[in-house]
Amino acid sequence: MADLADLKFCQELPKIELHAHLNGSLSDETLNKLLRRGPTNNSYASTIIGKGERRTMQEGFEMFRILHEIVVSPEIVVEVTKDVITDFALDQVKYLELRSTPRNVLSSGMTKRSYMEAVLTAIQRYREENEDRCRIDVRYLPSIDRSKSVEEAHETVKLAEEFSLSTNGNLVVGVDFSGNPHANDGADYIPPMMQARRANLHLAVHMAEVEGKKEETKKLLELLPDRIGHGTFISNEPGVRDVVLKKRIPLEVCVTSNIKTCTVPEDHTKHHFTWWRQEHQHPCIVGTDDKGIFATSLSNEYSIAAGALGLSRRETFNWSKEAIDHVFADIDTKSRLRQTWDDYWKSNLEVDT
Ligand SMILES: CC(C)=CCNc1ncnc2c1ncn2[C@@H]1O[C@H](COP(=O)(O)O)[C@@H](O)[C@H]1O
Ligand SMILES: [Zn+2]
């Protein structure tokens, strides 16, 4: 069985990360560095769900509140964004779509606008400082947080539109809809998402992450989002799952996140993505969600997902390459990425097969 895609293989494999929330992705090192500078925050210890541990959704969302108390100024946003990009680059991620909710913080004077500027500054700075090493393309998807008001969602979309134009559509390529899935009615946020669509922004929409959201999911699907975040309970609902299958809307799959927030069984082979992929060859994209909180990495998620399906190295390589089809960047970026995968294949795997 030497041909199976083990963790070491997945660590070396070039990868695409399309489902990463900035503040949930902060490493231990980044957090400790920030905490050493300020008054010690004892609640910090609870922002990581260790190996084998599980939490309720509510507890999970409490962790974001703590993280948001630490990431409070544009300077810190620049710093953590660069750190997170570096972490992904070191994990052989070649293209990253980072999502994050712009926030106003009264105490530091940070605004939604300066938050977004900070994320974009970090992306540009990382690129300048790492011209030839660790090549990674990064894009930003501003997030709509469904626990906040619809008015705030409109503000976020307006800024996303503005920054997309001012960066020639090269950096802000879409909008993410996320937040506590128990909060509010997701359908209320359809108008701001339609506004994003009209502005040529792509849509990545969290839906059916928890049970009992059939009506909401149905309405969100009418938007025909470009990608679905989780979609954990869609396969149980014939009415909605048929739309997803027919339109071939890709699912962003975050196995460790779902297990640790208790929405799926612990057995990886029972995760919903196995049904979509094995029974329907439906496009599924492996992601981390919140690599900091869930103490994981994209390599780890690939080795779990490939292991659940018993995939060979070649099949796992093809799967990671398939993700290129679903990135929100332009066709030139896609071609460049395909070239990177082909080069990797020639120098590392061709001889094995
Ligand atoms: C409980 C838990 C960790 C769940 C993981 N599944 C998730 N479902 C929905 N929204 C999420 C999830 N993980 C992160 N987010 C969103 O991402 C935010 C954190 O990243 P950021 O501050 O936007 O940069 C959270 O406040 C939340 O709005
Ligand atoms: Zn998510």
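Just so it is clear, none of the values below were taken in a lab; they were calculated from the coordinates. Just so you know, these numbers come straight off a predicted model, no measurement behind them. Neighbour counts run over all protein chains shown; Cβ positions are idealised from the backbone, glycine included.
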Can you run phi through the Karplus equation (6.51, -1.76, 1.60; θ = phi - 60°) for segment 162-176 and list ³J(HN,Hα) in whole Hz, with x for Gly and Pro? 4, 6, 5, 5, 6, 10, 6, x, 9, 10, 9, 10, x, 10, 9
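How far, in nm, would the chain grow between ARG135 and ASP267 when pulled straight, counting 0.36 nm per residue and subtracting the alpha carbon separation? Don't skip to the end; give the middle numbers.
Working: separation 132, 0.36 × 132 = 47.52 nm, distance 3.50 nm.
Full extension of this stretch gives 44.0 nm more.
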From the convex hull of the Cα coordinates of segment 202-242, what is the mean projected area in square nanometres? 2.5
Provide the descending list of Cα extents for segment 28-70 along its principal axes, expressed in whole angstroms. 30, 20, 14
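Wrap a convex hull around the Cα atoms of segment 156-223, take a quarter of its surface area, and give that in square nanometres.
Values: hull surface 17.7 nm².
Spelled out: convex hull of the Cα atoms, projected over all directions, averaged, 4.4 nm².
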Scoring only Lys, Arg, Asp and Glu (+1, +1, -1, -1) among other residues with Cβ under 10 Å from the Cβ of ALA204 yields -2
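Which entries in LYS94/LYS321; LYS218/LYS291; LYS270/LYS291; LYS112/LYS213; LYS214/LYS291; LYS214/LYS260 show an alpha-carbon gap greater than 18 Å? Kindly include the intermediate steps, with their values, before the conclusion.
Details: LYS94/LYS321 11 Å; LYS218/LYS291 29 Å; LYS270/LYS291 22 Å; LYS112/LYS213 30 Å; LYS214/LYS291 28 Å; LYS214/LYS260 23 Å.
Result: LYS218/LYS291; LYS270/LYS291; LYS112/LYS213; LYS214/LYS291; LYS214/LYS260 exceed 18 Å.
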List the residues whose amide H sits under 5 Å from the amide H of MET110, counting only those 5 or more places along or on another chain, with H placed 1.01 Å from N in the peptide plane. VAL105
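Rounded to a whole number, what is D in µm²/s for segment 67-139 from Stokes-Einstein with the Kirkwood radius over alpha-carbon pairs (10 °C, 1.306 mPa s)?
Details: Rh = 12.6 Å.
Using the Kirkwood radius from Cα pairs, D works out to 126 µm²/s.
With only Lys, Arg, Asp and Glu charged, each at its Cβ (+1 for the first two, -1 for the last two), find how big the charge dipole of segment 28-70 is about the Cα centre; round to the nearest 20 debye. Please report the intermediate quantities before stating the final value.
Values: 7 positive and 6 negative charges, 19 e Å.
Approximately 100 debye in magnitude.
For segment 120-195, which trypsin sites (Lys or Arg not before Pro) are in a loop by DSSP, counting at most 14 other Cβ atoms within 10 Å?
Those satisfying the criteria are ARG133, ARG135.
Percent relative contact order of the chain, based on C-alpha pairs within less than 8 angstrom and at least six residues apart?
On the way: 566 pairs, mean separation 80.4, N = 353.
Worked out over the chain, it gives 23 percent.
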Residues in segment 263-291, backbone N under 15 Å from the label point at GLU322 (7 Å along the Cα-to-beta-carbon vector): list them, ranges by number please. 272-287
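Do me a favour and compute the ellipsoid semi-axes for segment 211-272 from its Cα gyration tensor, root of five times each eigenvalue, largest one first, whole Å.
On the way: eigenvalues 87, 29, 22 Å².
Working from the Cα gyration tensor, I get semi-axes of 21, 12, 10 Å.
Within 12 Å, Cβ to Cβ, of LEU34, how many net charges do the neighbouring residues add up to if Lys/Arg are +1 and Asp/Glu are -1?
Numbers: positive: LYS33, ARG36, ARG37; negative: ASP28, GLU29, GLU69, GLU75, GLU79, ASP83.
Combined, the nearby Lys, Arg, Asp and Glu give -3.
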For the chain, compute the orientation-averaged projected area of the C-alpha convex hull (one quarter of its surface), in nm². 17.0
Could you work out the equivalent-ellipsoid semi-axes for segment 57-210, taking the square root of 5 times each eigenvalue of the Cα gyration tensor, largest first, in whole Å? 24, 18, 16
List the residues of segment 255-297 whose backbone N lies under 20 Å from a point placed 7 Å from the Cα of GLU315 along the Cα-to-Cβ direction. 255-256, 267-287
Starting from the 7 Å offset along Cα-to-Cβ, what nm value, one decimal, do you get for the label separation of ASP188 and HIS68? 1.5
Rounded to two decimals, what is the ratio between the C-alpha radius of gyration of segment 242-312 and 2.2 N^0.38 Å? 1.08
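To the nearest 0.05, what FRET efficiency results for LYS246 and LYS8 with a Förster distance of 22 Å applied to their C-beta separation? Can you show the working numbers first?
Numbers: r = 39 Å, r/R0 = 1.76.
According to the calculation, E is roughly 0.05.
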Starting from the Cα-Cα distance between SER108 and HIS154, subtract it from 0.36 nm times their residue separation and give me the gain in nm to one decimal. 14.2 nm
